[in-house]
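S.K.: Structure below; questions to follow.
The values are calculated or read from the model by the stated rules, or taken from the named source; none is laboratory data. Because the structure is predicted, anything quoted here is derived from the model rather than measured. So basically every Cβ, Gly included, is an ideal-geometry build from the backbone, and we count neighbours across all protein chains shown. Just the protein is used for accessible areas: all its heavy atoms, side chains included, with ligands, DNA and RNA removed. Shrake-Rupley method; radii C 1.70, N 1.55, O 1.52, S 1.80 Å.
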Amino acid sequence: MTKLWNAQLCTALGRGLRLQSTAAAYFPSEPASPVLKTTIPGPKSSERLAELGKVFDNRAAYFAANYYNSIGNYIADVDGNQYLDVYAQIASIALGYNNPEILKTAKSDQMANALANRPALACFPSSDYQQILEDGILAAAPKGMSKVWTALSGSDANETAFKAAFIYHAAKKRGNNTFSPKELESVMQNLVPGASDAAILSFEKGFHGRLFGSLSTTRSKPIHKLDIPAFNWPKAPFPSLKYPLDQFVTENKKEEERCLAEFEKVIQQWSTQIAAIIIEPIQSEGGDNHASPSFFQSLRDLTLKYDILMIVDEVQTGVGASGKFWAHEHWNLTTPPDMVTFSKKFQAAGFYFALPELQPSLPFRQFNTWCGDPSKALIARTVYQEISKYNLVENAATTGAYLYGKLESLSGEYSSIFNLRGQSTGTFIAWDMSSSAKRDMFLIESRKLGLNIGGCGDVSVRLRPTLVFEEKHADVLVDIAEEALKRLG
Amino acid sequence: MSVPEVTPAEVYYPNEPAAPSVQTAEIPGPKTKKALEELAEVFDARCAYFVADYDKSVGNYIADVDGNVFLDVYAQIASIALGYNNPALIEAAKSDRMISALVQRPALGNFPSAEFADILKDILKVAPKGQTKLWSGLSGADANELAFKAVFMNYQAKKRGYNTSFTTEEETSVMENAIPGSPELAIMSFERAFHGRLFATASVTRSKPIHKLDMPSFHWPKAEFPSYKYPLEDNEAANKAEDERCLKIVEELYKTWHCPIAGLIVEPIQSEGGDNHGSTAFFQGLRDITLKYNSLLIMDEVQTGVAATGEMWAHERFNLSPPADLVTFSKKFQSAGYFYHDPELTPNLPYRQFNTWCGDPTKMIIAGAIAKEVVEKDLAKKISVVGDYLYAALAELSKKYPTEILNLRGKDRACFIAWDSPSPAARNAFLVNMKKNGVNIGGCAETGIRLRPTLTFGKKHADILIQAIDKTLGEN
């Protein structure tokens with residue numbers, strides 16, 4: 001009886017806690033609103049950045065942060081300013097600054113060990129690595145995925161996935177493990193047949209990283225690509241939908257059909273084999289471009305029809321922000337993707353897969369010195385466990401719905417913001433402004449008002465808050481956005 | 001008053017084992033086998049030699065889950081600088097600075113921490129001579145590809161003018177991955193070189209087919225790296241001729257390759273490719289040719305760097321004039337990236353050399369701590385003394401086993417020593433049997449055996465290693 005009562009009380013308390021605020025539970029001293037002490041950037045920031053500039057390219061830096069004083073959804077700078085952060089290290093902080101549970105993990109002996117004795121994981125795996133994977137990265141695996149290969153960044157994750165795709169198709173064609181003398185000889189000259197002439201297809205406005213293979217699939221902006229040699233790989237159009245969606249149902253359906261037809265045409269006409277396509281559930285760097293579940297289902301059908309692997313790039317969309325743990329879960333695909341890549345909020349990076357053949361038949365082919373980093377896998381485990389414990393995916397969904405509603409009202413009042421998108425994708429919300437200049441001014445004004453916020457594409461503003469972003473934070477965000485819009489006139 | 005010198009290992013590791021301890025009849029032992037079966041269900045475990053117990057590993061000894069304790073002269077493929085559970089690194093790992101960097105990993109390009117400049121300066125204190133700046137990455141392959149990007153952007157900037165705007169044609173064509181926006185430019189590398197396994201780095205890697213097969217690759221030129229005859233002192237004329245032959249090939253490629261060669265990447269000692277050495281004259285020759293053909297020189301110090309050869313950076317031994325344009329690092333430094341000095345190797349605009357994290361402060365903190373220990377404890381010099389001792393002992397041993405220890409190399413390169421076995425099969429058997437005799441040791445290329453111990457490897461460890469080699473070869 002007492003036990004039952006206790007259990008009920010605990011559940012109620014737990015629920016109450018969640019209803020009250022996970023952020024308040026984690027961060028009792030989180031500020032209620034931004035704290036502004038100086039002009040932005042302040043004098044100390046400018047001084048630190050100038051010092052940094054002597055040895056490191058500092059021209060993209062907004063301010064010098066003080067991470068010791070940052071807390072929850074608020075990032076502090078060295079001048080004592082505290083900003084509400086809805087950019088969160090380019091969408092890569094999951095649980096807020098100085099999250100006590102991540103701190104605990106960081107201070108653990110297991111972490112110190114992983115840092116001081118970083119293993120070459122594939123050759124000398126640590127005795128705890130399997131458990132770390134199973135309790136964290138793999139526990140969070142998308143439906144239908146049971147294996148993982150770990151890497152170091154989103155680019156690295158995508159490139160290792162490309163390698164798996166190329167090796168998979170070559171092995172399928174070859175039918176056995178024996179390389180011909182001609183293959184063995186030509187590959188050392190970087191020539192076919194040993195080197196492959198197969199391709200990865202990506203989409204216009206897609207962003208998949210900036211190494212040479214991933215950059216060849218990145219199609220976001222010239223500045224990301226200029227002067228870097230690239231593979232001649234195919235691209236297909238990504239739908240440009242009109243907003244609000246409910247007013248353009250027919251047009252948008254037609255746009256998706258156009259893109260699918262174009263996609264199929266590219267596949268049919270491309271002169272070499274297309275080993276895989278890579279696509280983001282929401283094109284993030286490229287402007288937060290969305291497409292419907294049926295568009296993605298059709299892509300999946302076409303990839304199956306043409307024996308092309310499907311890689312879903314969840315580097316930015318993954319780990320809860322979209323209101324599902326993995327954004328592609330919104331699509332309910334009849335057949336899961338072949339590979340799903342991750343990084344950013346998970347801190348650890350890599351790709352999930354299901355097909356055993358995506359692991360090359362010989363060892364040392366998908367291989368490198370470190371093959372990942374256990375210190376990041378430990379962080380990923382805590383991130384996953386906390387998300388589960390506090391239902392933070394649900395929090396992103398409900399907070400997102402609340403925030404979207406408020407922004408919708410705002411866009412009714414201010415004609416300078418339009419194409420509001422992300423209605424049912426959690427806090428993964430964005431809108432457009434009339435020009436790049438206007439967008440950039442909006443970001444600067446917001447920062448001056450204590451809101452650290454980022455752009456994407458040419459004219460978009462994107463929201464990438466943490467998973468402990470709640471209605472009270474949304475209110476602060478909307479107030480500041482409105483003030484910034486007023487100031488812009 | 002003469003006090004016997006206390007070695008770095010004795011200072012750091014009062015509890016380091018005195019000798020290896022082999023508990024299981026077979027390596028890998030039963031617990032490793034079971035653990036690997038489980039790991040294999042979720043992660044490719046086929047390259048694993050054993051499952052390690054890093055809690056029980058100390059100094060130069062690595063423990064496995066079966067209770068075996070090996071003297072480790074492979075050290076996580078040459079990436080453990082100071083030994084396992086080094087107290088200075090554990091301290092760094094538990095520092096406030098580290099905890100903060102772990103919990104809120106910054107997007108360093110956008111939101112560097114106030115102390116980031118200090119963290120960098122700890123690394124730059126040991127920058128190669130002539131290098132003053134750095135850009136950070138995450139691994140050796142990443143470091144090299146970032147260096148390539150800097151080289152390509154610099155090449156085009158020199159052509160167009162550093163501050164000249166892009167043309168509309170460049171901006172349009174680049175989105176199609178086509179010229180002129182995506183230019184046809186190349187990086188030259190050498191036969192048997194290893195620079196990583198991402199797409200551009202795999203294109204310059206020429207070590208083994210298995211590293212490259214089935215990957216799309218850039219059609220970039222490959223020169224020949226000298227193949228010396230050993231011992232060097234008996235083959236001076238032949239080796240000099242070999243240098244000249246290889247340099248001529250390099251120059252010929254610059255003259256004839258179908259597109260401009262923007263940079264040349266070379267390891268001071270080709271490591272994965274077989275521990276192939278080149279002379280100072282050869283490297284100065286490369287420097288001269290790259291200058292002549294307006295091409296940048298990238299020294300890949302991923303494996304050779306951080307005092308492993310007895311100098312902080314192996315290429316400092318060559319005293320190149322002028323210094324290399326870029327020097328890449330990773331492995332023993334844990335952090336990765338490239339050093340450089342020409343301000344125009346920083347692209348003209350921000351966001352060109354850029355990514356989310358732009359490196360990892362947690363690894364840079366470790367690198368700074370390693371650099372401090374190397375300098376304060378004079379580890380480069382100490383490992384050189386041990387290397388001389390070890391080399392001499394191996395030279396003796398090679399007289400006892402003249403058909404088993406061939407082409408001993410790495411004299412005067414601290415413990416960065418290698419030799420060849422008579423065949424790949426003999427080499428592989430040797431590596432396996434050495435584990436049974438308590439030494440974890442690695443190979444390179446087809447027949448090479450390479451020593452990559454930590455910087456705290458001492459004479460007493462060298463003695464154990466020599467005994468184990470003697471025993472293993474004697475068992476044949």
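S.K.: Counting only Cα, what are the radius of gyration and maximum Cα-Cα distance Dmax of chain B, in Å?
M.R.: 22.9, 77
S.K.: Tell me, what is the per residue accessible area of segment A:119-372 in Å², probe radius 1.4 Å?
M.R.: Working: 8090 Å² over 254 residues.
In whole numbers, segment A:119-372 has 32 Å² accessible per residue.
S.K.: In square angstrom, what is the accessible area per residue of segment B:106-359 with a 1.4 angstrom probe?
M.R.: On the way: 7760 Å² over 254 residues.
Heavy-atom SASA per residue in segment B:106-359 reads 31 Å².
S.K.: Mind checking the alpha-carbon convex hull of the protein assembly as shown and giving the volume per residue in Å³? All intermediate terms of the calculation are to be shown ahead of the outcome.
M.R.: Values: hull volume 176.2 nm³, N = 965.
Considering the Cα atoms of the protein assembly as shown, their hull volume per residue is 183 Å³.
S.K.: Hey, another quick one. Can you give me the long-range amide H partners of A:LEU309? Hydrogens built in the peptide plane at 1.01 Å from N, cutoff under 5 Å, separation of 5 or more residues or another chain.
M.R.: For A:LEU309, whose amide H was placed from the backbone, the distant partners under 5 Å are A:ALA276, A:ILE277.
S.K.: Also, quick follow-up: Shielding by partners for A:65-73, please: the mean number of other protein chain Cβ atoms within 10 Å of each residue's Cβ.
M.R.: Details: counts 10, 4, 13, 8, 1, 6, 1, 0, 0.
Counting other chains' Cβ atoms within 10 Å and averaging over A:65-73 gives 5.
S.K.: If you roll a 1.4 Å probe over segment A:119-372 with all protein chains in place, what percent of the accessible area is carbon or sulfur?
M.R.: Looking at segment A:119-372 in its full context, I get 53 percent from C and S.
S.K.: Could you work out how far helix A:374-389 tilts from the main Cα principal axis of chain A, as a 0 to 90 degree angle to the nearest 10?
M.R.: 60
S.K.: What value in Å³ per residue do you get for the convex hull of the alpha-carbon atoms in segment B:106-359?
M.R.: Details: hull volume 34.0 nm³, N = 254.
For segment B:106-359, the hull spanned by Cα atoms encloses 134 Å³ per residue.
S.K.: Roughly how many Å² is the accessible area per residue of segment B:1-61, as a whole number, for a 1.4 Å probe? Intermediate values should be presented prior to the final figure.
M.R.: Details: 3470 Å² over 61 residues.
Result: 57 Å² of accessible area for each residue.
S.K.: For segment B:37-113, just the Cα atoms, rotate onto the principal axes and tell me the three extents in Å, largest first.
M.R.: Principal extents (largest minus smallest coordinate, Cα): 44, 32, 19 Å.
S.K.: Using a probe of 1.4 angstrom, how much of the accessible area of segment B:106-359 is carbon and sulfur, in percent? Can you show the working numbers first?
M.R.: Numbers: 4150 of 7760 Å².
On segment B:106-359, the fraction of accessible area on carbon and sulfur atoms equals 53 percent.
S.K.: Something else about it: Please work out how much length the chain gains when fully extended from A:LYS54 to A:SER416, using 0.36 nm per residue of separation minus the C-alpha to C-alpha distance, in nm with one decimal. Before the final figure, lay out each step's value.
M.R.: Details: separation 362, 0.36 × 362 = 130.32 nm, distance 3.94 nm.
Computed gain between A:LYS54 and A:SER416 is 126.4 nm.
S.K.: Relative to the isolated chain, which residues of segment B:33-49 have their accessible area cut by 10 Å² or more in the presence of all protein chains (1.4 Å probe, heavy atoms, no ligands or nucleic acids)?
M.R.: Hits at the 10 Å² cut-off: B:GLU38, B:LEU39, B:ALA40, B:GLU41, B:VAL42, B:PHE43, B:ASP44, B:ARG46, B:CYS47, B:ALA48, B:TYR49.
S.K.: Which entries of A:LYS172/A:LYS265; A:LYS225/A:LYS345; A:LYS205/B:LYS149; B:LYS435/B:LYS460; A:LYS104/B:LYS149; A:LYS376/B:LYS121 have Cα-Cα distances beyond 27 Å here? Intermediate results must be reported in sequence, preceding the final value.
M.R.: Values: A:LYS172/A:LYS265 24 Å; A:LYS225/A:LYS345 25 Å; A:LYS205/B:LYS149 21 Å; B:LYS435/B:LYS460 18 Å; A:LYS104/B:LYS149 38 Å; A:LYS376/B:LYS121 25 Å.
Cα-Cα > 27 Å for A:LYS104/B:LYS149; rest within.
S.K.: Note down the net charge around A:GLU134, summing +1 for each Lys or Arg and -1 for each Asp or Glu among other residues with Cβ under 11 Å from its Cβ. Intermediate values should be presented prior to the final figure.
M.R.: Details: positive: A:ARG381; negative: A:ASP128, A:ASP135, B:GLU38, B:GLU41.
Net charge in that neighbourhood comes out at -3.
S.K.: What is the Cα centroid distance between segment A:86-151 and segment A:179-213, reported in whole angstrom?
M.R.: That distance is 31 Å.
S.K.: Only Lys, Arg, Asp and Glu count, each charged at its Cβ (+1, +1, -1, -1), so figure out the dipole size of segment B:106-359 about its Cα centre, rounded to 20 debye. Walk me through the numbers before you get to the answer.
M.R.: Details: 25 positive and 32 negative charges, 23 e Å.
Charge dipole of segment B:106-359: 120 debye, to the nearest 20.
S.K.: Here's something else I'd like to know. For n ≥ 4 DSSP H runs only, could you compute -39500 (n - 2.57) per run for chain A, divide by its residues and tell me the 222 nm figure to the nearest 500?
M.R.: Numbers: 16 runs with 199 residues, N = 489.
Value at 222 nm, helices only, nearest 500: -13000 deg cm²/dmol.
S.K.: Also, quick follow-up: Roughly how tilted is helix B:140-160, in degrees to the nearest 10 and between 0 and 90, from the longest Cα axis of chain B?
M.R.: That helix lies at roughly 20 degrees to the long axis.
S.K.: Further question on the same structure: Over the alpha-carbon set of segment A:276-387, work out the extent along each principal axis and list the three values in angstrom, largest first.
M.R.: Rounded to whole Å, the extents work out to 38, 36, 25 Å.
S.K.: Give me the percent of DSSP beta bridges within the protein assembly as shown that run antiparallel, rounded to the nearest 5. Present the calculation step by step, with values, prior to reporting the outcome.
M.R.: Values: 56 of 87 bridges.
Among the beta bridges of the protein assembly as shown, antiparallel pairing accounts for roughly 65 percent.
S.K.: Continuing with this model, one more query. How many Å² of accessible surface get buried when B and A come together, counting both sides, probe radius 1.4 Å, rounded to the nearest 100? Intermediate values should be presented prior to the final figure.
M.R.: On the way: alone 21840 and 22750 Å², together 33450 Å².
The buried area between B and A, both sides summed, comes to about 11100 Å².
S.K.: Could you point to the residue in A:MET310, A:ASN190, A:LEU226 farthest towards the positive end of segment A:119-372's charge dipole, with +1 and -1 charges on the Cβ of Lys/Arg and Asp/Glu respectively?
M.R.: A:ASN190
S.K.: Kindly tabulate the residues in segment A:357-398 with an accessible-area decrease of at least 20 Å² between the chain alone and the assembly of all protein chains, using a probe of 1.4 Å.
M.R.: By number: A:GLN359, A:PRO363, A:PHE364, A:ARG365, A:PHE367, A:THR369, A:TRP370, A:LYS376, A:ILE379.
S.K.: Residues of segment B:351-379 with accessible area at least 50 Å² lower in the all-protein-chain context than alone (1.4 Å probe)?
M.R.: B:TYR351, B:ARG352, B:THR356, B:TRP357, B:LYS363
S.K.: Here's another thing I want to ask about it. About the Cα centre of chain A, how large is the charge dipole given +1 on each Lys and Arg Cβ and -1 on each Asp and Glu Cβ? Please answer in debye to the nearest 20.
M.R.: Values: 49 positive and 51 negative charges, 80 e Å.
The dipole of chain A has a size of about 380 debye.
S.K.: Given H placed on each backbone N at 1.01 Å, which residues far from B:ALA223 in sequence or on other chains put an amide H within less than 5 Å of it?
M.R.: Here B:SER189, B:PHE190, B:GLU191 satisfy the definition.
S.K.: So, with +1 on the Cβ of K and R and -1 on the Cβ of D and E, and no other charges, what is the size of the charge dipole of the protein assembly as shown about its Cα centre, to the nearest 20 debye?
M.R.: In debye, rounded to 20, the protein assembly as shown gives about 80.
S.K.: Give me the angle, in degrees from 0 to 90, between the Cα long axis of helix A:392-413 and the longest principal axis of the Cα atoms of chain A, rounded to the nearest 10.
M.R.: Rounded to the nearest ten degrees, it is 70.
S.K.: For the charge dipole of chain B, defined by +1 on Lys and Arg C-beta atoms and -1 on Asp and Glu C-beta atoms about the Cα centroid, which residue among B:LEU138, B:ILE269, B:GLY67 has the Cα displaced farthest towards the positive pole?
M.R.: Toward the positive end, the furthest listed residue is B:ILE269.
S.K.: Give me the percent of the accessible area of segment B:1-83 that comes from carbon and sulfur atoms, probe 1.4 Å, all protein chains in place.
M.R.: Numbers: 2000 of 3650 Å².
C and S atoms contribute 55 percent here.
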